[in-house]
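Chemist: For reference, the structure I am asking about is given below.
The values are calculated or read from the model by the stated rules, or taken from the named source; none is laboratory data. Treat the numbers as computed from the prediction; the structure is a model and nothing was measured. All Cβ positions, glycine included, derive from the backbone under ideal geometry; neighbour counts span all protein chains shown. Each accessible area value is taken on the protein alone, full model and side chains, heavy atoms only, with ligands, DNA and RNA left out. Shrake-Rupley method; radii C 1.70, N 1.55, O 1.52, S 1.80 Å.
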Amino acid sequence: MTDAEAAPNSDADMSKGPVSNGDTDERLFIGAPGGAPEKSQDLLLRFGNRHGLIAGATGTGKTVSLQILAEGFSRAGVPVFMADVKGDLSGVAKAGSHEHKLHDKLISRAESIGLSDYGYEDFPVVFWDLFGEQGHPIRATVSDLGPLMLARMLDLNEVQEGVLNVVFRAAQDDALPLIDLKDLRSMLVNVADKAAGYQTEYGNVSAASVGAIQRRLLVLENQGADKFFGEPALRLSDMIHIQGAQGRVNVLAADRLMNSPRLYATFLFWMMSKLFDELPEVGDPDKPVMAFFFDEAHLLFDDAPKALIDQVERVARLIRSKGVGVYFITQNPIDVPDTVLGQLGNRVQHALRAYTPRDRKALKAAAETFRENPGFDTGEAITALGVGEALVSTLEDKGAPSMVERVLVRPPASQIGPLTEIERAGLIDRSPIAGVYDQTIDRVSAFEKLKEKADHAAEMAARELEAEERRKAEGGSQSGSSGGSRGDGLTNTFLKSALRSLASRAGTRIVRAIFGR
């Protein structure tokens, strides 16, 4: 097959399954049993905002399932955001090729499930990277994150989280914007210095807690998180965008980010919260406003405080009314709390292996979440699935889950595997948002305002000292004692130097705290 033969038919609607069922709902075709395309499993796009789950052991095909869902949404004009944990998803930006080593298998798979219009296709991808190395930088302000998410990121205890809440509240009341980490550091110093004054209004602030938070911030900075905090902050319109007839596919480089799992989890939850806060209510649209894929989902919930899990559940439950579908990707369904799992209406379950008691528990939980199919035992089927096979259940016409079906997942239209570094760099340079976020903006915020106050206080103290010296000098000259005047002059010079040093301490403390010196 040539590239021309492999190119998709522009008149074909590949978001639909291979078999028409007579309805007019737009569908995203997931797969079908081999040789039985009439049993195809499709995701109704009007239920795409009812969230979903892709689960399965390592190497069973979760990444390809994520890829074909992202393709289907984009093809239907739905913008997509997905985290690329292993670096494999950049290939969505490039059409597959008959020269690819898997070409024959892909064609054979398409034929076996009745996908007669299968062809290769690329999608409009924008690459993002919190560190600004493999994509456009993503930034948020410290205030945007808030004390709850920041405390989760810093792994603070209850007392330290309380102090952080005091810092945020004091900054708000004193009109001191918290933009980046140096703002937060300077505000911590300010609150510690004025702890006695804040005690009545906000509560106790211990120096030990402030010191602990400062040390955690240093660790966070060493992991590169300081590049995430700042401006220009992300505008959702740069992600929720239609290019031509396709939804923009936003790919977050998360391979390095995975070394900082708390930063990764906090960032993705911040993204969900930002979507929830800024998007208008749309109810249940014909198709989602955006599809959000959260890979390695267990990282959000591991050791998470109950308050954070409650907030995740709330966002997952309510964000669908904003037209956003959230899809969690993880190895075991039990990685996701039951309160959140119950919100996930569309399921793609790849193979699980029951080697340990926990594995058997996960297997049982996965089997029990599906609507039973009398044609096979769901628990046994999960352990027998091959690579690229899955148990699929989606929401049907009335919003009820369909009977689980064992299917072969459809092949992707884009390239399986990553782009080369040159290909990726070229796409970043030609990106429609090139230059928008590349340069950091450092406007006047808490750090600058507090430093200005400290410098002003130091200047006023120095002026008062000079005035006092002049008064003493004038008094000495009137006494007529030359020896005493010379001695007093030496003493005053020494005192002037010492007191000026002490007067400037307030300003230098802020700078020292920020740079850890």
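Chemist: Based on this model, can you work out whether residue 419 counts as assigned to a loop (DSSP other than H, G, I, E, B), crowded, with 16+ Cβ neighbours inside 10 Å and out of contact with any Asp or Glu (no Cβ under 9 Å at 6 or more places or on another chain)?
Modeler: Considered against the rule, which asks whether it is assigned to a loop (DSSP other than H, G, I, E, B), crowded, with 16+ Cβ neighbours inside 10 Å and out of contact with any Asp or Glu (no Cβ under 9 Å at 6 or more places or on another chain), residue 419 comes out as yes.
Chemist: Does residue 131 qualify as being of a type outside the set (Ser, Thr, Tyr), modelled with pLDDT of 95 or more and in a loop (DSSP other than H, G, I, E, B)?
Modeler: So residue 131 fails the test.
Chemist: From the list 346, 373, 332, exactly one residue is over 27 Å from residue 252 (Cα atoms), over 15 Å from the mean Cα position of the chain (by Cα) and not acidic (Asp, Glu). Which is it?
Modeler: Being over 27 Å from residue 252 (Cα atoms), over 15 Å from the mean Cα position of the chain (by Cα) and not acidic (Asp, Glu) holds for just one of 346, 373, 332, which is 373.
Chemist: Only residues that are open to solvent by 10 Å² or more (accessible area, probe 1.4 Å) and among the aromatic types (Phe, Trp, Tyr): list them for the range 124-153, please.
Modeler: Passing the criteria: only 131.
Chemist: From the list 381, 390, exactly one residue is open to solvent by less than 20 Å² (accessible area, probe 1.4 Å) and part of a helix (DSSP H, G or I). Which is it?
Modeler: After ruling out the rest, the residue left standing is 381.
Chemist: Working only within the range 316-334, note down all residues that are assigned to a helix (DSSP H, G or I) and either closer than 18 Å to residue 394 by Cβ or aromatic (Phe, Trp, Tyr) (or both).
Modeler: 316, 320, 333
Chemist: Among the candidates 251, 210, 282, single out the residue that is on the phi < 0 side of the Ramachandran plot, assigned to a helix (DSSP H, G or I) and among the β-branched types (Val, Ile, Thr).
Modeler: The conditions single out 210.
Chemist: Quick one: in the range 318-363, of everything that is of a type in the set (Lys, Arg) and in contact with a helix residue (DSSP H, G or I) (Cβ under 7 Å, 6 or more places away or on another chain), which residue is most open to solvent (accessible area, probe 1.4 Å)?
Modeler: 361
Chemist: Tell me yes or no: at least one residue of the range 173-195 is free of Cβ contacts under 8 Å to residues at least 24 places away in the same chain, within 28 Å of residue 251 (Cβ to Cβ) and part of a helix (DSSP H, G or I).
Modeler: No; the residues of the range 173-195 include none that is free of Cβ contacts under 8 Å to residues at least 24 places away in the same chain, within 28 Å of residue 251 (Cβ to Cβ) and part of a helix (DSSP H, G or I).
Chemist: Let me ask something additional. Of all the residues that make up the range 299-317, how many are at pLDDT 85 or above and surrounded by fewer than 16 Cβ atoms within 10 Å (Cβ to Cβ)?
Modeler: Going through the range 299-317 one residue at a time, the tally reaches 2.
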